[in-house]
Amino acid sequence: MLKLKRILEIKTELLCKGVNLDERFIDKYKSKGIPFKEGRKGGAGPLGGRYFAFDDNKTILNVPLWHNNKETNFVLKNEKDGYFEIFDKSKNSVFVKLRLIPYPNYYKITTTDDILMEKIALIHGLDCLATTIYQRCCYWENGSKCQFCGIELSLARGDTIEEKTSKQLIEVINAVKIEGKFKHLLLTTGTTSSIDKGVLKYINILEDIKNKFPDIPIHVQIEAVDNLEYISMLKEAGADTLGIHIEILDDSIRKVICPGKSKTSYEVYEKNWIHALEIFGKDQVDSFILIGFGEPTEEFWNKLEKMIKLGVIPHITPVRPVPQSKFKAPICNPLILLNIFEYSAKLMKKFNVNPLNNKAGCVRCGACSGIIEAYRLITGNYWS
Ligand code: SF4
């Protein structure tokens, strides 16, 4: 069994570089009548990957999958008993063996309004049921979208539908519960041009799902809002954890990568985070922090410390290219990312922020980040 420190190093390298698919192996696999699906090609969050588990069957990661990407020395090949070999061409040796997390069966079921359930909500990681309740965004509409975002791509591909209803989500939850594959729910949305920025689209869905399934912890993601009352409304409607995602801490980089969203300042995010922590409680508020835009600056380190000192969990993940889009994300340097994971974990220990207490969503899922493994290492809180 791999030691946690080694697991974190391997996870960090694979999150950054991803792996190439060995075409002969994939063809052989397909010839056995087993379609090898390569993960989401559109939608919110890191794209183009499949979920794998380490041999502890607890630590999971979302591995980017490529075809002939010259920037990675890793190749996926040779499957034995569900474990895939990730081969390191630069060392001509096996880097690690990982278990592929299979697609759940409910993807093939249709809802009573005749929509394939995989178009309504997907399993992320090991047990997080995730959906984008509204698949459009005002920044796509007005040409100022975040460059790393693929929210409307899956809609354009017909892989999902524009807006999900409580009824559809409740049917999917019932189907997933039968498979026993789900422990928490993640709801996200594109930003609307209205003053609530999309918050009001959550309210009925949250109330209906919480009424039907009071024990399911629910995570919601928003952009920072001017009227903090909207954050209280999410809690009252049934949300348990909240992601208020700033994504990029350096203002100059943020203005380029997120031309629309960067009009909301870091200071407004701080006000939102402080209010959200009062409402949702300790360890229940996080923000995606994307890494890969060069060497971290002093501004980055200062703001990272400020947000953790407030009590916000930084869900740190390397930026990824978006399939079929002009955005060619730089390959993040694994050593830089590892250093940021370890430093953030030290800060969370120092300021008594515990991501292991987070009830639902990306922090609990952990597939796209090594922040949980780094925190476990720094606090000696290994898997029991
Ligand atoms: S960390 Fe978040 S975006 Fe990544 S797989 Fe898990 S739920 Fe999805």
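The values are calculated or read from the model by the stated rules, or taken from the named source; none is laboratory data. Predicted, not measured: the structure shown is a model, and the values here were computed from it. Glycine also receives a Cβ, built like all others from the backbone with ideal geometry; neighbour counts cover every protein chain displayed. Note: accessible area is taken over every heavy atom of the protein model, side chains too, but ligands, DNA and RNA are not part of it. Shrake-Rupley method; radii C 1.70, N 1.55, O 1.52, S 1.80 Å.
Which members of region 334-366 meet the condition of being in contact with a strand residue (DSSP E or B) (Cβ under 7 Å, 6 or more places away or on another chain), among the aromatic types (F, W, Y) and either open to solvent by 80 Å² or more (accessible area, probe 1.4 Å) or away from the ligand (no atom under 16 Å from the Cβ) (or both)?
Those that are in contact with a strand residue (DSSP E or B) (Cβ under 7 Å, 6 or more places away or on another chain), among the aromatic types (F, W, Y) and either open to solvent by 80 Å² or more (accessible area, probe 1.4 Å) or away from the ligand (no atom under 16 Å from the Cβ) (or both): none in region 334-366.
Looking at region 260-290 only, could you name the residues that are touching a Cys at 6+ places or on another chain (Cβ under 8 Å) and open to solvent by 10 Å² or more (accessible area, probe 1.4 Å)?
Listed by number, the residues that qualify are K261, F288.
Would you check if there is a residue in region 26-39 being over 25 Å from the mean Cα position of the chain (by Cα), open to solvent by 20 Å² or more (accessible area, probe 1.4 Å), touching a residue at least 24 places away in the same chain (Cβ under 8 Å) and not assigned by TED's automatic domain parsing to the domain that holds C368?
Within region 26-39 (the criterion being over 25 Å from the mean Cα position of the chain (by Cα), open to solvent by 20 Å² or more (accessible area, probe 1.4 Å), touching a residue at least 24 places away in the same chain (Cβ under 8 Å) and not assigned by TED's automatic domain parsing to the domain that holds C368), the answer is yes, since at least one residue qualifies.
Here are some residues: E223, E236, E270. Which one is among the charged types (D, E, K, R) and closer than 18 Å to Y134 by Cα?
So the residue among E223, E236, E270 that is among the charged types (D, E, K, R) and closer than 18 Å to Y134 by Cα is E223.
Examine region 84-98 for a residue that is under 27 Å from G361 (Cβ atoms) and either part of a helix (DSSP H, G or I) or open to solvent by 60 Å² or more (accessible area, probe 1.4 Å) (or both), and state whether such a residue exists.
no
Can you pull out every residue in region 314-330 that is within 20 Å of the chain's Cα centre (by Cα) and open to solvent by 50 Å² or more (accessible area, probe 1.4 Å)?
Q324, K328, P330
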